[in-house]
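Report on one structure; see the data block that follows.
The values are calculated or read from the model by the stated rules, or taken from the named source; none is laboratory data. Quantities reported herein were computed from a predicted structural model and do not represent experimental measurements. Counting neighbours? That spans all protein chains shown, and the Cβs are built from the backbone with ideal geometry, glycine included. Surface accessibility is based on the protein's heavy atoms, side chains included, excluding ligands, DNA and RNA. Shrake-Rupley method; radii C 1.70, N 1.55, O 1.52, S 1.80 Å.
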Amino acid sequence: QGQGLRRLRVTYSSFSPEQAMAYVTKEARLFEKNGLDVELIQVRGALSAAALVAREVYIAQMAGPAVVQATLAGSDVVMVAGLVNRPDFSLVAPKSIRGPEDLRGKKVAVSRFGGSSDFMTRLALRRLGLEPEKDVTILQVGGSAERLVAMRAGAIHGAVLTTGEKLNALRQGFHELLDLTRIDYPYQHTGVATTRSFIRSEEETLRSFMRAYVEGIRVYKTQRDFTVSTLRKFLRTDDLELLREIYDAYFQKFPRAPYPTVEGSRNILTELSARLPMARTATPADFIEPRFVKELDESGFIDRLYR
């Protein structure tokens, strides 16, 4: 197996539905179809950018804030695809926290500072009229499972969760304080990143990866039973009712042509500018490279997948 295929290490940042696309693509054997032997590795949040910079991996499925911060710091990390281009988070809390004022003076949790959950937590708090760090303490706790455990124990009083994670939390008795998916706010939530040096040295490898990836999106959007079965393995749950709810929540979110967005990068820069002065003068288009998706789109390749 893998004989004659280009071996490639690819990261994903969490065991959550929006991060399952690379796994679905691999399970459907679409990487192999396109000449790649892909090893998927789970690397949390902002550490994916560090792995790219260190050349430990060459492609990462990750969120925009880490890409932007790595590039601002002088790296050549760039987003080449945008799978979720709007916020996919809700602020969830125990039922004792009934509104924003109940959060004042309390603690909320993120996975890691500088990661997507940290970015969205700060946005959510400001939308609720609360100032991060001043009105609410932000703690690093870990992934969604760890944040839910901390909320059940009363150690924290809120956390942002993706749509799939929120559905699980609601089943456990928590409730939603703010649904960020409903706001009109372009944001590069989940996408595919690489480095400009990798593009220069292995453009055809990246082109093959992107062909497989858009085929994976087609499988996710059109093969419900296969995708639910794959999500069952990736998310490590046998709750078929929950898995079907997750599938129904996500299959319309994913675009057929996964362009990374300039507006999504602009909003990330705006949010970062409060603590990173260099973000104020950065050009949003410098953080994305849409030409690989554009090639597949304008050639008719993507349209033919759905005929």
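Quick look at the values:
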| read-out | value |
| --- | --- |
| Estimated inter-spin distance, R104 and E133, nm [label 7 Å along Cα→Cβ] | 2.1 |
| Convex hull volume of the stretch 104-194 per residue (C-alpha atoms, cubic angstrom) | 106 |
| Candidate aspartates and glutamates - alpha carbon under 16 Å from K294, same-chain residues fewer than 8 apart omitted | E203, E204, E215, D303 |
| Full-extension gain in nm, E32 to E176, via 0.36 nm per residue minus C-alpha separation | 47.7 nm |
| Candidate residues R29, R182, R171: accessible-area rank, largest first, probe 1.4 Å | R182, R29, R171 |
| Inter-site label distance for E146 and R304 at 7 Å from Cα along Cβ, in nm | 4.6 |
| Cα pair count fraction exceeding 21 Å, expressed as % - the stretch 207-291 | 52 |
| Solvent-accessible area of T222 with every protein chain in place, 1.4 Å probe, in Å² to the nearest 10 | 80 |
| Antiparallel bridge percentage (DSSP; both residues within the chain; nearest 5) | 50 |
| Å² per residue, accessible surface of the chain at 1.4 Å | 42 |
| Solvent-accessible surface (1.4 angstrom probe) belonging to Y250, in square angstrom, nearest 10 | 0 |
| Compactness of the stretch 47-169, expressed as Rg and Dmax over alpha-carbon positions, Å | 15.5, 46 |
| Distance in nm between pseudo-label sites at R244 and R232 (7 Å out along the Cβ direction from Cα) | 1.2 |
| Long-range amide H partners of A193 with built H, under 5 Å | A60, Q61, M62, V80 |
| With all protein chains modelled, accessible area of H175 [1.4 Å, Å²] | 40 |
| Expected-Rg normalisation [2.2 N^0.38 Å, Cα atoms] applied to the stretch 146-296 | 1.25 |
| On Cα atoms only, tilt of 116-127 relative to the major axis of the chain in degrees | 40 |
| Under-16-angstrom lysine pairs by C-alpha in the stretch 65-208, whenever the two are 8 or more apart or on separate chains | 5 |
| Percent accessible area from carbon and sulfur atoms, the stretch 76-209, protein chains only, probe 1.4 Å | 47 |
| Net lengthening on full extension, D225/T283 (0.36 nm per residue, minus Cα-Cα) | 16.6 nm |
| Rg to Rh quotient for the stretch 17-98, alpha carbon positions, Kirkwood Rh | 1.06 |
| Residue-wise HN-Hα coupling along the stretch 224-239, computed from phi with Karplus coefficients 6.51, -1.76, 1.60 (Hz; x: Gly, Pro) | 4, 5, 4, 5, 4, 5, 5, 4, 4, 6, 5, 8, 6, 9, 9, 6 |
| For the stretch 19-95 and the stretch 104-140, distance of Cα centres in Å | 23 |
| For the stretch 208-243 versus the stretch 179-199, the gap between their alpha-carbon centres in whole angstrom | 20 |
